[in-house]
Amino acid sequence: MAQQQELRLAGLGGQGIILAGIIMAEAAGIYDGKFVVQTQAYGAAARGGFSRSDIVISDEEINYPKARELDMLLAMSQDAYEENLQYLRPEGILIVDSTYVSEIAEQHVYSIPFTRIARETFTHENVANIISLGAISQISPYVSEQAIAMAVKKRVPARFLELNKKAFQAGKDAARDAISESQLRDEANEDI
């Protein structure tokens, strides 16, 4: 039986969700050597409407290109969280941008302020998607860190490469903090 993972990146138009999905797919397919399909959906509004990118990764050919039972969900807005949570498997990985997602029902979530980090550290909100990819590279086992880093390098314009490298690293650092917090929460829950 093929090992297949279904990932969804969801948020608002203008957050770079589609680009992040393309980078994830290229990382899995080109650099990790997996079979991969990437699909996208977005609203009519250029900014502020819904935006979603699905990535299906497999060791064998993929029969159906859409994600139905998510192994990982990245929600970059409250609406994205609320609309897509129902598709996340019980053991799936949930990552949210705590800048915009504040009402969370789940106990096990990686809550990272991607957009706030982008604003405060880089004065560019448009690198929040690359920060989120750095975090995913640490939290999710489905695509290697090296593959994502190489795909970011190949996909972003040369004049923005250094900015995006720093944004990717900021995401990795933020994820390490979130992982530590998650482990502390899990240990506290075990003691109860």
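Between a first residue in the range 112-123 that is touching a residue at least 24 places away in the same chain (Cβ under 8 Å) and within 12 Å of VAL101 (Cβ to Cβ) and a second residue that is part of a strand (DSSP E or B) and of a type outside the set (Phe, Trp, Tyr), which pairs have beta carbons less than 6 Å apart while being 6 or more apart in sequence or on different chains?
Correct list of pairs: PHE114/ASP97; THR115/ASP97.
Criterion first (touching a residue at least 12 places away in the same chain (Cβ under 8 Å), out of contact with any Phe, Trp or Tyr (no Cβ under 9 Å at 6 or more places or on another chain) and closer than 24 Å to GLN169 by Cα) does ILE22 satisfy it?
yes
Let me confirm something: among ALA158, ALA118, ALA170, ALA147, which residue is under 22 Å from ILE18 (Cβ atoms) and touching a His at 6+ places or on another chain (Cβ under 7 Å)?
ALA118
I'd like the residue in the range 67-112 that is modelled with pLDDT under 95 and among the β-branched types (Val, Ile, Thr) and, out of all such residues, is farthest from GLY43 (Cα to Cα).
Checking each candidate, the answer is VAL109.
Is it the case that some residue within the range 63-76 is free of Cβ contacts under 8 Å to residues at least 24 places away in the same chain and not aromatic (Phe, Trp, Tyr)?
Within the range 63-76 (the criterion being free of Cβ contacts under 8 Å to residues at least 24 places away in the same chain and not aromatic (Phe, Trp, Tyr)), the answer is yes, since at least one residue qualifies.
Every residue in the range 68-100 that is surrounded by fewer than 22 Cβ atoms within 10 Å (Cβ to Cβ) and either small (Gly, Ala, Ser) or part of a loop (DSSP other than H, G, I, E, B) (or both), please.
Matches in the range 68-100: ARG68, GLU69, GLY92, SER98, THR99, TYR100.
The values are calculated or read from the model by the stated rules, or taken from the named source; none is laboratory data. Everything numeric in this text was worked out from a predicted model, so none of it was measured. Quick reminder, even Gly has a Cβ in these numbers, built from the backbone with ideal geometry, and neighbours come from all protein chains shown.
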